[in-house]
Each structure stands twice: as C-alpha cells, then as structure tokens.
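Take a look at the structure below.
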Amino acid sequence: MRLIRFALSLILLALAVASGAAAYPWPIKPFNKQHPIRGFFGDPRTVYLNGVLAGGFDGPGYFSFHQGIDISAPDGTPIYPVVSGVAHYLGAATMNVNTGNDRVFQYFHIVPIVGEGQQVYARKTILGYVQSPCQHVHLTEINGTHSVNPLQTGHLAPYADHTRPTIRAISFRNQTGTLQTPLGLCGRVELAVDAFAAPPMPVPGKFGGLPVAPALVRWSISRVSGAAVVPWRTTADFRTVLPGNAHFTDVYAKGTYENAPRFGSQQYASMPGDYLFLLAGNFDTTSLANGVYSLSVRVADERGNHAAVVNRFSVLNARNGVCPGSLPAPPTTDPPPTEPNGSATPP
C-alpha cells in the first residue's frame, strides 16, 4: 500500500511539474508582472487600398487575423525569450526562437542583437530592443503548424482579465448593405453584431482606449416563448487557435476595420477599429414562420468574462414570395452544422 501511495504521489508531482512547465514569463522586465496588451489574438488586420470616400469598403485590400499579441513597451526596451531555445532570423526586425518539441516563438518589431543559431535563455539573454517607432513587441507562439493564443491558461503568465466585453449593436442588412428595421424582415438578410473587448490594463500612447477582439462570439434564435428554432452557433472562437486567413470574411462582416486603420494613403492614427462579426451572411427568413423571434448573442473573452444581449425581430414574408432587397440565394447551400438539441443557453 505504501508503494502504491508513493507511486501515486510521484505521478501527481510529475503532472504538476508538467502543467507548470507549460507556462512562461513575459518577454520584458519585470518578467513576473503583467504588462499592457494593445493587440489581441484574432484581432482583424485590414489594409484597404482605396480611400474611405473612394469606395474603400467595396474595393480591394489585405485582410488577416492577428496571429499573436502586441505587448506595449517603450522604444528601446530589452526583449528576452519567454522560453529558452535557438534563435534564428526571420527578417530584419524579427526573431524566431525554436524551443524544441515542435514549438517556436516569434518576436516582431525588435532590433536583434543575437547571432543566427545562437542558444538563448529565458530571463537572461537579450534578443534585441523594441524598434522605433513601434512602441510594442509582437509575440507569436506556434505549436506545430498553428499559431496558438498566448493568453490561454498555462501559457503567458501571470495574466488576469476582469473586464467585460461590449456588444454595441446587432444589425440586419439587405443586398444593398442597407440597414433593415427588425420589423417585418423578409427574404434573405445578413445578421451581424458589433462587439469588442477592452484590454485588461490601460494601454499607453496612441493606442490607449482602443478596443481588442473578444475570443468567442455565439448566437441563436428562439421563439419569444423560449423554444429554440436555430440552436447556438459559433461565429468566432479565438480561445486556442485561429481559422485560416481565407476565412476572414466568414468571421468578420463587411465594414470591419482595425485600430488606426489605413484606407488608401490615409492612416487614421488613434482612431478605434470597428469589429463587426458575421453571424449569418445569408440567413433565409422563410425558414421561419411569420412571427416574432429573439436573436441572442453572447460574447466572451479568453478568461470567460462575457456579455449577452437579446434583440427581438419579426418575420413577415409575403405569400407570393416577393421581398424587395432580399439577398440572392447562394449558389450552393451547405447544411448548417449539427449541434445538440437543448435549451437556448450556450454551454
């Protein structure tokens, strides 16, 4: 019996060490203290090639998900590896640190001072200094072939967040992009929610007071009585990994732009971004009987702080099927993902 207890204690100790080993410190001093973050995992990254008044939202551009986090720090701040490994140059202002076990950390916006292939040590080796005028270091963690969220539990530590996300508005739009009243929706419409989170600590400089993306956005439709007609669906889930950039427009609706956005040659410094999450790009209201319904949206951050809103809307489709401004049916309509039946409360 004593041997069994001793063996169990060794197993528990090994598990504790393994779980603790996954966490890593901040890349700037003090290492064991939380620092301001001005860019979150999954934030929209947008560059519109045309100006706002030249149809910027309709024209070409470059769109992607933010693959890491931006930690605010004054220019010239020393940057240290969060985990020991071998340093490699990824670009003039970027370092890779390969830590083994198929894990790599990337540090952007720094002036490197270590050599190619040099062994570097957490909390000891200075990789470089924050490049002017960036005022932040971008940290990406890659496990295997995927970027993972550094803010999830067991990774960057210490990290706490006691803020709550904000849901600004739910919108219904027709094929022209015109906002629709929730009274008497018909045909096919776009459903979107304007939502954002706040950094857990005040951010200095021009990015102070600007939003970040929540980690989870879900929605459902129910009758006013509470009976679910569209079960809970997930629009965005950045809690661990990201979708590919090819799915940017499946997550973010038209009209989304990043903080300090660029439209054509104009950079709108200090202006907040607008994060529009696409709940349904082509929702067929004829799938619902005419009547009044509740659209529920729930938004949460990485630590589970959440906000929720319920908006009522009515469906009024004519018997002849004519609905001015209805979105066209998509060329192919895949069946919606199956989800467990149950109450209208998300897991």
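Tabulated values for the structure
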item: Relative contact order, percent, segment 59-160 [alpha-carbon distance under 8 Å, six or more residues apart]; result: 33
item: Degrees, to the nearest 10: 2-22 long Cα axis against longest axis of the chain; result: 70
item: Dipole in debye (nearest 20) - the chain, about Cα centre, beta carbon charges: Lys, Arg +1; Asp, Glu -1; result: 760
item: Volume per residue of the C-alpha convex hull in the chain, rounded to whole Å³; result: 181
item: DSSP beta bridge pairing in the chain, given as percent antiparallel to the nearest 5; result: 95
item: Set of lysines with alpha-carbon distance to K33 below 25 Å, sequence-local pairs under 8 removed; result: K124, K206
item: Free-standing Cys, the chain [no other Cys Cβ under 4.7 Å]; result: C134
item: Cβ-derived FRET efficiency at R0 25 Å, V322 paired with A169, nearest 0.05; result: 0.30
item: Selected from P182, T125, M95, residue furthest toward positive end of dipole (segment 65-186; charges at beta carbon); result: P182
item: Distance in nm between pseudo-label sites at Y62 and N50 (7 Å out along the Cβ direction from Cα); result: 2.0
item: Percent RCO, i.e. relative contact order, over segment 63-102, from Cα pairs under 8 Å lying at least 6 residues apart; result: 27
item: Spatial separation of Cα centroids for segment 180-226 and segment 55-95, in angstrom; result: 26
item: For R168, residues with placed amide H under 5 Å, excluding near neighbours; result: D194, A195, F196
item: Cβ charges +1 (Lys, Arg) and -1 (Asp, Glu), total dipole of segment 100-220, debye; result: 240
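Laboratory data are not the source of any read-out in this text; all were calculated from the coordinates shown. These numbers come from a predicted model, not from an experiment. A quick note on method: Cβ atoms are made from the backbone with ideal geometry, for glycine too, and the neighbour counts reach across all protein chains shown.
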